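Q: First the structure, which I've put down as structure tokens, then a few questions once you've had a look.
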Amino acid sequence: MDFCRYTLDFFRADRFRTKYGTTDHYKMLPRPYSAVGYMVEGEWEYTEYFQTRQYGEKTKSGIVRSGELLYVPSGSTYDAYWNFFPCADLLSLHFEMDSETLFSERGTFVQKIDAAELIRASGDSAYDPESEFARLFTLFRKSEDDSVGLDERFEMMTRFYRILMALTPCLQKRDESEYDTGIEPAIRYIRTHFAEQLAVPALADMCYLSESHFYARFKQATGMAPIEYKNRVAISKAESILINEPSVPIEEVIERVGFTSGTYFRRVFQSVVGCTPREFRKNSIGKKRELL
């Protein structure tokens, strides 16, 4: 894999001790970044939803148990349930690359990976995934308060890319025949230019299709109209900023994701997420503090 093509735009490490019965709802809101985690203790039962060219919406389910890894690509849509009493324990890494050829729902899908498989892929029989994830979490927490030195910062990134290199051959890839590759230029453009004003005729031209033909194929492939898809991507990015940049004012978040009207942004955000941006930030940050 040519990592020279992949620039890391976002990275964080977390440890979640998630209460039994907690649910993750990302069916209507695409996951804002990719994630890979090591399940120290517990179970994570998920159902992923995705559109295919021939069969419309399909689902894929699975359970990630203690000692296994879970992988979630950016843009994926799913529901999940934490099934362990009193709480599950997950070490996780969240990241975003400037290229989504592999680390997105178009390249792969939500899946579990056996730790033994990751160890084999690392080429080191003594490799310990739990220790690697735990060390990354420790280094990242130190980096947040600037108590980590340059050597430790390099160590953090070295360990992260080592996990990514071992993870890559373990990932099951999407069957490209399931998707309408003819609209891929528009999808890629929207996901990187969601903060700009987009016009359906221009998107159709990118795919060498008439506007009506493009619109029909786009909706069949994604389950939504192009502008709705653009708004979902923008709201997903806003969600990421609200959680990970708590000092950024909401008005700045609105501007950064390309909405010119705060009223319209809040209406779209609430219709997709189910609460206001302010409530989302307060609940998400409070939950994170509780779980760490």
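The values are calculated or read from the model by the stated rules, or taken from the named source; none is laboratory data. If you're wondering where the values come from, they're calculated on a predicted model, not measured in any experiment. With ideal geometry, Cβ positions are generated from the backbone for all residues, glycine too; neighbour counts draw on all protein chains shown. To get the accessible areas, we keep the full protein, side chains included, count just its heavy atoms, and leave off ligands, DNA and RNA. Shrake-Rupley method; radii C 1.70, N 1.55, O 1.52, S 1.80 Å.
Q: Using amide H atoms built in the peptide plane, which far-off residues or other-chain residues are under 5 Å from Phe10 H to H?
A: Excluding prolines and chain starts, which carry no amide H, the hits are Glu96.
Q: Go ahead and run the numbers for FRET between Glu279 and Ala216, Cβ-Cβ distance against an R0 of 41 Å, rounding to 0.05.
A: 0.65
Q: In addition: Using the Cα centre of the chain as origin and beta-carbon charges of +1 (Lys, Arg) and -1 (Asp, Glu), tell me which of Ser212, Ala13, Pro73 is placed farthest towards the positive end of the dipole.
A: Ser212
Q: From the phi angles alone, apply the Karplus equation (6.51, -1.76, 1.60; θ = phi - 60°) to segment 132-149 and give each ³J(HN,Hα) in whole Hz, x where the residue is Gly or Pro.
A: Going residue by residue, I get 5, 5, 5, 5, 4, 4, 4, 5, 5, 4, 5, 5, 5, 10, 6, 9, 9, x Hz, with x marking Gly and Pro.
Q: Ok, one more. Using a 1.4 Å probe on the protein heavy atoms, what percent of the accessible area of the chain belongs to carbon and sulfur?
A: Solvent-exposed carbon and sulfur of the chain make up 49 percent of the total.
Q: Per-residue HN-Hα couplings for segment 115-129, Karplus 6.51 cos²θ - 1.76 cosθ + 1.60 at θ = phi - 60°, whole Hz, x for Gly and Pro?
A: Values, residue by residue: 4, 4, 5, 5, 4, 4, 5, 6, x, 10, 5, 8, 5, 10, x Hz.
Q: Another question about this same structure. Using heavy-atom solvent-accessible surface (probe 1.4 Å) with all chains present, what is the largest-first order of Glu96, Glu279?
A: Order by accessible area, largest first: Glu279, Glu96.
Q: Let me ask something else. Using +1 at the Cβ of each Lys and Arg and -1 at the Cβ of each Asp and Glu in segment 55-135, identify which of Ile113, Gly62, Cys87 lies farthest towards the dipole's positive end.
A: Most positive-ward Cα: Gly62.
Q: With every protein chain kept in the model, how would you rank His25, His193 by accessible area, 1.4 Å probe, largest at the top?
A: His25, His193
Q: Can you compute the label reach from Val248? Point 7 Å from Cα along the Cβ direction, backbone N cut-off under 15 Å, restricted to segment 69-111.
A: 95-97
Q: Sticking with the crude label model, points 7 Å out along Cα→Cβ, report the distance from Ala202 to Arg141 in nm, one decimal please.
A: Taking the two extended label points, one gets 4.6 nm.
Q: Arg267 to Ala195: FRET efficiency via 1/(1 + (r/R0)^6), r the Cβ-Cβ distance, R0 25 Å, to the nearest 0.05?
A: Taking R0 as 25 Å, the efficiency between Arg267 and Ala195 is 0.90.
Q: What residues have an amide H closer than 5 Å to that of Asp180, excluding those fewer than 5 places away on the same chain, when H is modeled at 1.01 Å from N in the peptide plane?
A: Result for Asp180 returns Arg53.
Q: Here is a follow-up. Quick one: Cα centre-to-centre distance for segment 141-171 and segment 59-107, in angstrom?
A: Cα centroid of segment 141-171 versus Cα centroid of segment 59-107: 19 Å apart.
Q: Given a 1.4 Å probe and the protein chains all in place, what does the accessible area of Lys173 round to, in Å² to the nearest 10?
A: Accessible area of Lys173: about 110 Å².
Q: Could you tell me the accessible area of Glu41 in Å² (1.4 Å probe, neighbours in place), rounded to the nearest ten?
A: Accessible area of Glu41: about 90 Å².
Q: Using heavy-atom solvent-accessible surface (probe 1.4 Å) with all chains present, what is the largest-first order of Asp175, Asp14?
A: Asp175, Asp14
Q: Return the tail of the calculated pair distribution for segment 185-292, meaning the percent of Cα-Cα pairs more than 17 Å apart.
A: Above the 17 Å cut-off, segment 185-292 has 56 percent of its Cα pairs.
Q: Next up: For the chain, give the magnitude of the charge dipole about the Cα centre (Cβ charges: +1 Lys/Arg, -1 Asp/Glu; no others), in debye to the nearest 20.
A: 660 debye
Q: Set Lys and Arg Cβ to +1 and Asp and Glu Cβ to -1, take the dipole of the chain about its Cα centre, and tell me which of Val148, Gly262, Thr181 lies farthest positive.
A: Working it through, the farthest residue towards the positive pole turns out to be Gly262.
Q: Right, another one. So, in nm, how far is label Arg256 from label Met28 when the simple model puts each one 7 Å beyond its Cα toward the Cβ?
A: 2.4 nm
Q: Run the 1.4 Å probe and let me know the accessible area of Asp9, rounded to the nearest 10 Å².
A: Counting only protein heavy atoms, the figure is 90 Å².
Q: Moving on. Which value in Å is the Kirkwood Rh of the chain over different Cα pairs?
A: Roughly 20.1 Å, rounded to one decimal.
Q: Determine the dipole magnitude for segment 126-241: charges of +1 sit on the beta-carbon of Lys and Arg, -1 on that of Asp and Glu, nothing else is charged, the reference point is the Cα centre, and the result goes in debye to the nearest 20.
A: Rounded to the nearest 20 debye, it is 180 debye.
Q: Here's something else I'd like to know. To the nearest 20 debye, what charge dipole does segment 11-162 have about its Cα centre, counting +1 at the Cβ of each Lys and Arg and -1 at the Cβ of each Asp and Glu?
A: Charge dipole, segment 11-162, about its Cα centre: 360 debye, nearest 20.
Q: Distance cut-off 21 Å, Cα to Cα: go down the list Lys173/Lys230; Lys27/Lys60; Lys60/Lys237; Lys112/Lys282; Lys112/Lys173 and report the pairs above it.
A: Lys173/Lys230; Lys60/Lys237; Lys112/Lys282, as the Cα separations exceed 21 Å there.
Q: For the chain, modelled as a Gaussian network with Cα springs under 10 Å, which listed residue fluctuates most, Gly123, Gly75, Gly182?
A: Comparing Gly123, Gly75, Gly182 in the GNM, the peak value goes to Gly123.
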